[in-house]
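The values are calculated or read from the model by the stated rules, or taken from the named source; none is laboratory data. Keep in mind that this is a model prediction, so the values were computed, not measured. Using ideal geometry, Cβ is built from the backbone for each residue, glycine included, and neighbour counts are taken over all protein chains shown. Areas reflect the complete protein model, heavy atoms only, side chains present, ligands, DNA and RNA absent. Shrake-Rupley method; radii C 1.70, N 1.55, O 1.52, S 1.80 Å.
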Amino acid sequence: FYYGMSRQLYRITLTLRGMLLPDHSVSKCVTSLLLLTSTFSAYYVMAISLQRLERYIPLPHSIAGISILCGMLLYQTIMDASWIAYRTSSPPSTMLIPGVNDAVLIPALTLR
């Protein structure tokens, strides 16, 4: 169990490092590192400010709301940063639209 779990964790760690700190460009790696540092710093500052404001605001509700908002912002940031690389790595998908012109292939991305 331990061996299998450690191998899986090692593989996930390498995959995440490859996504967050790319090897092919030093400028992209530095940019990604700065974005990661600023994101963690912003969350740290937010945690400190919530800790200091706990006597002024009802903490459980505000922590839940802020956590959901920050999670949505983090998700959108990750999607914006990685969508182009993901889209260019997959083969182009096309689909036929019945009734329009069966001989014309239309990229699926334009239909979404």
State yes or no: is Ser27 in a helix (DSSP H, G or I), more than 17 Å from Ile78 (Cβ to Cβ) and among the hydroxyl-bearing types (Ser, Thr, Tyr)? yes
Of everything in region 42-69, what is hydroxyl-bearing (Ser, Thr, Tyr) and either closer than 30 Å to Ile84 by Cα or open to solvent by 60 Å² or more (accessible area, probe 1.4 Å) (or both)? Give them in sequence order. Tyr43, Tyr44, Tyr56, Ser67
Thr39 vs. criteria farther than 14 Å from Ala85 by Cβ, touching a helix residue (DSSP H, G or I) at 6+ places or on another chain (Cβ under 9 Å), β-branched (Val, Ile, Thr) and assigned to a helix (DSSP H, G or I): yes
